[in-house]
Amino acid sequence: MLFHAIERLLAAPEMEVVFVVLAPADAEFRSQDWSAFGGRLAPLYCGGASRRDSVLNGLVAAASAVDPNDWMLVHDAARPCLGRIELLRLIHEAGKDEVGGILAVPVADTLKRADEDGRILATEPRERLWQAQTPQMFRHGMLLRALRGVEYATDEASAVEALGHRPKLVEGSTKNLKVTFPADLEIAERILREAGR
């Protein structure tokens, strides 16, 4: 999945380098052949206990190689099916925005709020609700400041929101699924096969 996620990002000529944040003791990454990506891949052995910690550590580790105004796209290795059209749309639309933005899809399902016993408390209106995806695109300096200021951020956008900003929602695709359950892996394999990967 990591190979496909990196390949999808580097398919865009706008992407200069992909920093891969890995656990400090990771040995598996070094054992794989990444030569297809040339010098556009930079492993950072600084992963943390949570997503927020890993992204923050990666931003700190990459600071000497980037400018605070450089755009950073944070992507999940668990999303190997990122579409080129959606990636370019994010780069184009968020790149024109002073804050940045994220890929997301409008919520299609009816949403239920539950109590602690698993009983429905309420049906939530889905109008104007979006399901966040990655990549999420913000300037290095802003994202670093945001993640340093928020201890528990479920994604980069929520940290940027805590600074008082309103990131742009850029329409993604349901094919850009996050592989979470065994059935998701089968779906991702099918998407990649259909794309000729």
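The values are calculated or read from the model by the stated rules, or taken from the named source; none is laboratory data. Nothing here was measured: the structure is a model prediction, and the numbers come from that model. Backbone-built Cβ (ideal geometry, glycine too); neighbour counts: all protein chains shown. Protein only, heavy atoms only, side chains kept; ligands, DNA and RNA dropped before computing areas. Shrake-Rupley method; radii C 1.70, N 1.55, O 1.52, S 1.80 Å.
Among the candidates ILE102, ILE85, single out the residue that is β-branched (Val, Ile, Thr) and open to solvent by 30 Å² or more (accessible area, probe 1.4 Å).
It is ILE85.
Inspect all residues belonging to the stretch 143-161 and state whether any of them is surrounded by 14 or more Cβ atoms within 10 Å (Cβ to Cβ), in contact with a Lys or Arg (Cβ under 6 Å, 6 or more places away or on another chain) and of a type in the set (Val, Ile, Thr).
The answer is no, given that none of the residues of the stretch 143-161 is surrounded by 14 or more Cβ atoms within 10 Å (Cβ to Cβ), in contact with a Lys or Arg (Cβ under 6 Å, 6 or more places away or on another chain) and of a type in the set (Val, Ile, Thr).
Could you list, in sequence order, all residues of the stretch 111-120 that are in contact with a Lys or Arg (Cβ under 8 Å, 6 or more places away or on another chain) and exposed (fewer than 10 other Cβ atoms within 10 Å of the Cβ)?
ILE120
Give me the pairs: first residue in the stretch 136-151 and on the phi > 0 side of the Ramachandran plot, second residue open to solvent by 30 Å² or more (accessible area, probe 1.4 Å) and among the polar types (S, T, N, Q), beta-carbon distance under 6 Å, and six or more apart or on different chains, which are they?
Pairs found: none.
If you go through the stretch 160-185, how many residues are assigned to a helix (DSSP H, G or I) and of a type in the set (D, E, K, R)?
Qualifying residue count, the stretch 160-185: 2.
Identify, from the list ALA157, ALA146, ALA132, the residue that is part of a strand (DSSP E or B) and at pLDDT 95 or above.
Values: ALA157 fails: part of a strand (DSSP E or B); ALA146 fails: part of a strand (DSSP E or B).
Within the list ALA157, ALA146, ALA132, the selection yields ALA132.
Just one of (1) surrounded by fewer than 19 Cβ atoms within 10 Å (Cβ to Cβ); (2) in contact (Cβ under 8 Å) with a residue 40 or more places away in the chain; (3) of a type outside the set (Val, Ile, Thr) trips up GLU124, so point out which.
Only one criterion is unmet by GLU124, namely (2).
Test of understanding: among ALA108, ALA65, ALA77, ALA49, which residue is out of contact with any His (no Cβ under 6 Å at 6 or more places or on another chain), of a type in the set (A, V, I, L, M, F, W, C), open to solvent by 30 Å² or more (accessible area, probe 1.4 Å) and more than 26 Å from HIS4 (Cα to Cα)? I'd like the intermediate steps shown before the answer.
Values: ALA65 fails: more than 26 Å from HIS4 (Cα to Cα); ALA77 fails: more than 26 Å from HIS4 (Cα to Cα); ALA49 fails: more than 26 Å from HIS4 (Cα to Cα).
Of the residues listed, the single one that is out of contact with any His (no Cβ under 6 Å at 6 or more places or on another chain), of a type in the set (A, V, I, L, M, F, W, C), open to solvent by 30 Å² or more (accessible area, probe 1.4 Å) and more than 26 Å from HIS4 (Cα to Cα) is ALA108.
Write out, first by first residue and then by second, each pair whose Cβ atoms fall under 8 Å of each other, whose residues are 6+ apart or on separate chains, and whose first residue, in the stretch 169-193, is among the acidic types (Asp, Glu) while the second is part of a helix (DSSP H, G or I).
Close Cβ pairs satisfying both conditions: GLU171/GLU86; GLU171/ARG89.
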